[in-house]
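Peer 1: Input: one structure, supplied below.
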Amino acid sequence: MKQEIDYLIVGQGIAGTLLSYQLINKGYKVRVIDDNHESSSTIVAAGLINPLVLKRLTKTWRAEEFLAYNELHYHQLEKHLATKFYHKTPILKLINSEDEIKYWKHRSTNEEVKAYISDHFLDLSEYSFLKKFKGALVNNTAWIDTTVLLKAYQKNLIKDHLLIKESFNFNQLTIQEKTVEYNNFVAKHLIFCQGFKSNNNPFFDWIPLSLVKGELITIHSNEMSDDYIFNKKVFILPLGNNYYKIGSTYDWGDLSLNTTKDKKESLLNDLNELIQCKYTVIEQTAGIRPAVKDRRPVFGSHPIHRNISIVNGLGSRGLMMAPKLIEEFIDFQENGTAMDKEVDLKRYYSEFKPDSAY
């Protein structure tokens with residue numbers, strides 16, 4: 001006899017993790033299918049929560065709303081997992097030209113931006129590992145150790161017998177009017193949180209995803225500082241114990257999962273423009289990020305099969321946006337409350353061809 005559940009979630013990257021956590025927390029019966037999130041974009045995620053676009057010093061979409069929600073949410077998840085992964089750390093923008101200083105001062109008077117920056121610049125002479133820069137602070141920033149989060153959450157799912165470790169097999173799926181059947185489960189909702197693999201999902205391969213390869217390096221140095229996330233061309237993210245993550249690159253052509261010598265050299269060249277100390281390269285990683293054509297995530301149901309839905313395209317701001325948007329998505333699933341038009345999958349329904357096999 002098949003087991004009846006409320007939600008079957010495919011994928012345990014950031015989207016699948018945060019979605020399943022909120023659903024379970026609300027009392028729904030959930031199972032998660034995952035192939036150990038191999039090649040997940042989370043592998044190359046910086047994990048940054050940052051309300052500003054630093055290049056233009058503009059506020060990101062719904063920044064105040066997301067920030068107000070996500071810190072409490074992540075602290076609750078830390079408590080649930082008994083694991084620390086949320087790190088409140090300011091970003092320090094490194095500046096070394098008068099034009100940059102003038103622009104920063106100009107933007108610091110903007111009503112939308114001034115809550116996050118000031119026109120005060122830090123003297124960085126005590127940070128001898130840095131070359132000659134001034135420092136401009138960005139407030140209300142943090143980073144999430146996504147590796148720690150996903151491993152701890154996976155362990156929790158296994159403990160509660162809620163994780164199915166396998167790749168999703170579409171041949172084993174049967175769609176009914178109000179449910180879907182998969183293996184030994186009958187679920188009211190099937191939600192795909194597959195990241196770039198959605199391009200090979202027959203239900204959602206019509207969504208205009210733009211895949212981007214990213215590479216990061218991890219270094220070790222006894223001479224650097226954990227006080228800030230340093231940023232200029234690349235970010236220097238302190239991981240603790242004198243380890244630092246350096247990134248990131250963007251490649252729209254090579255979508256293999258192989259690390260490349262030229263991207264490593266590019267990252268190290270940019271890093272060496274910022275620092276003047278000894279370090280050792282520990283590892284280099286690569287992953288594929290899914291982005292959507294209009295740079296907004298997609299949340300919504302299939303045009304025909306309303307009990308099959310997708311959460312995807314969270315992008316580089318995903319960790320900031322996801323907790324609040326997922327809460328809204330659950331409200332959409334359970335109560336029919338409309339999603340924000342900016343993220344609603346309906347904006348791409350015109351791309352769907354009804355004569356498709358699905």
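The values are calculated or read from the model by the stated rules, or taken from the named source; none is laboratory data. What you see is a predicted model; the values in this text were computed from it and never measured. We place every Cβ from the backbone using ideal geometry, glycine too, and count neighbours over all the protein chains shown.
Peer 1: Scan the stretch 165-203 residue by residue and report those that are small (Gly, Ala, Ser), crowded, with 18+ Cβ neighbours inside 10 Å and farther than 18 Å from Leu314 by Cα.
Peer 2: At the first step, the residues of the stretch 165-203 found to be small (Gly, Ala, Ser) are 167, 187, 195, 198.
Those left that are additionally crowded, with 18+ Cβ neighbours inside 10 Å: 187, 195, 198.
Listed by number, the list holds a single entry, Ala187.
Peer 1: What is the one condition in (1) surrounded by 15 or more Cβ atoms within 10 Å (Cβ to Cβ); (2) free of Cβ contacts under 8 Å to residues at least 40 places away in the same chain that Leu237 does not satisfy?
Peer 2: (2)
Peer 1: I'm told Leu271 meets every condition in (1) in a loop (DSSP other than H, G, I, E, B); (2) crowded, with 16+ Cβ neighbours inside 10 Å except one. Can you identify the failing condition by its number?
Peer 2: (1)
Peer 1: Which of the following residues is among the aromatic types (Phe, Trp, Tyr) and assigned to a helix (DSSP H, G or I): Tyr28, Tyr21?
Peer 2: Tyr21
Peer 1: If the requirement is being basic (Lys, Arg) and either within 17 Å of Met320 (Cβ to Cβ) or part of a loop (DSSP other than H, G, I, E, B) (or both), which of these qualifies: Lys84, Lys105?
Peer 2: Unique residue meeting the criteria: Lys84.
Peer 1: Mind telling me which of the residues Ile164, Ile207, Ile158, Ile219 ends up being part of a loop (DSSP other than H, G, I, E, B), out of contact with any Leu (no Cβ under 7 Å at 6 or more places or on another chain) and either farther than 30 Å from Tyr244 by Cβ or in contact (Cβ under 8 Å) with a residue 12 or more places away in the chain (or both)? Break it down stepwise before answering.
Peer 2: Numbers: Ile164 fails: part of a loop (DSSP other than H, G, I, E, B); Ile158 fails: part of a loop (DSSP other than H, G, I, E, B); Ile219 fails: part of a loop (DSSP other than H, G, I, E, B).
Exactly one residue qualifies, and that residue is Ile207.
Peer 1: Out of Ile158, Ile144, Ile164, which single residue is within 22 Å of Asp226 (Cα to Cα) and within 25 Å of the chain's Cα centre (by Cα)?
Peer 2: From the options Ile158, Ile144, Ile164, the qualifying one is Ile144.
Peer 1: Give the residue, chosen from Gly253, Gly336, that is of a type outside the set (A, V, I, L, M), outside the structural domain of Lys232 (by TED's automatic domain parsing), surrounded by fewer than 21 Cβ atoms within 10 Å (Cβ to Cβ) and over 22 Å from Ala63 (Cβ atoms).
Peer 2: Values: Gly253 fails: outside the structural domain of Lys232 (by TED's automatic domain parsing).
Checking each option against the conditions leaves just Gly336.
Peer 1: Which number in (1) closer than 20 Å to Phe235 by Cβ; (2) assigned to a loop (DSSP other than H, G, I, E, B) marks the one condition that His305 misses?
Peer 2: (1)
Peer 1: Another question, if that's okay. Search the stretch 248-284 for residues being among the acidic types (Asp, Glu) and at pLDDT 95 or above, and hand back the single one that is farthest from the chain's Cα centre (by Cα).
Peer 2: Selected residue: Glu273.
Peer 1: Given the residues Lys341, Lys324, which is the only one that is outside any helix (DSSP H, G or I), in contact with a helix residue (DSSP H, G or I) (Cβ under 8 Å, 6 or more places away or on another chain), at pLDDT 95 or above and among the basic types (Lys, Arg)?
Peer 2: Lys341
Peer 1: Kindly establish whether Tyr28 is surrounded by fewer than 23 Cβ atoms within 10 Å (Cβ to Cβ), at pLDDT 95 or above and touching a helix residue (DSSP H, G or I) at 6+ places or on another chain (Cβ under 8 Å).
Peer 2: Answer is no for this residue.
Peer 1: Being surrounded by 13 or more Cβ atoms within 10 Å (Cβ to Cβ), among the small types (Gly, Ala, Ser), in contact with a Leu (Cβ under 8 Å, 6 or more places away or on another chain) and within 30 Å of Asp6 (Cβ to Cβ) is the requirement here; does Ser316 meet it?
Peer 2: Numbers: surrounded by 13 or more Cβ atoms within 10 Å (Cβ to Cβ): yes; among the small types (Gly, Ala, Ser): yes; in contact with a Leu (Cβ under 8 Å, 6 or more places away or on another chain): yes; within 30 Å of Asp6 (Cβ to Cβ): no.
Criteria not met by Ser316.
Peer 1: Next question. Taking the condition of being more than 20 Å from Val234 (Cβ to Cβ) and exposed (fewer than 13 other Cβ atoms within 10 Å of the Cβ), how many residues in the stretch 85-103 meet it?
Peer 2: Adding up the residues that qualify gives 4.
Peer 1: Based on what the data block shows, is Glu38 within 30 Å of Ile5 (Cβ to Cβ) and modelled with pLDDT under 95?
Peer 2: yes
Peer 1: Another one. Would you check if there is a residue in the stretch 152-165 being closer than 28 Å to Thr218 by Cα, assigned by TED's automatic domain parsing to the domain that holds Gly11 and touching a Ser or Thr at 6+ places or on another chain (Cβ under 7 Å)?
Peer 2: Scanning the stretch 152-165 turns up at least one residue that is closer than 28 Å to Thr218 by Cα, assigned by TED's automatic domain parsing to the domain that holds Gly11 and touching a Ser or Thr at 6+ places or on another chain (Cβ under 7 Å).
Peer 1: Within the stretch 310-318, can one find any residue that is modelled with pLDDT of 95 or more and assigned to a helix (DSSP H, G or I)?
Peer 2: There is no residue in the stretch 310-318 that is modelled with pLDDT of 95 or more and assigned to a helix (DSSP H, G or I).
Peer 1: I've got another one for you. I need the full set of residues from the stretch 294-313 which are within 17 Å of the chain's Cα centre (by Cα), surrounded by fewer than 16 Cβ atoms within 10 Å (Cβ to Cβ) and at negative phi, in order please.
Peer 2: Asp294
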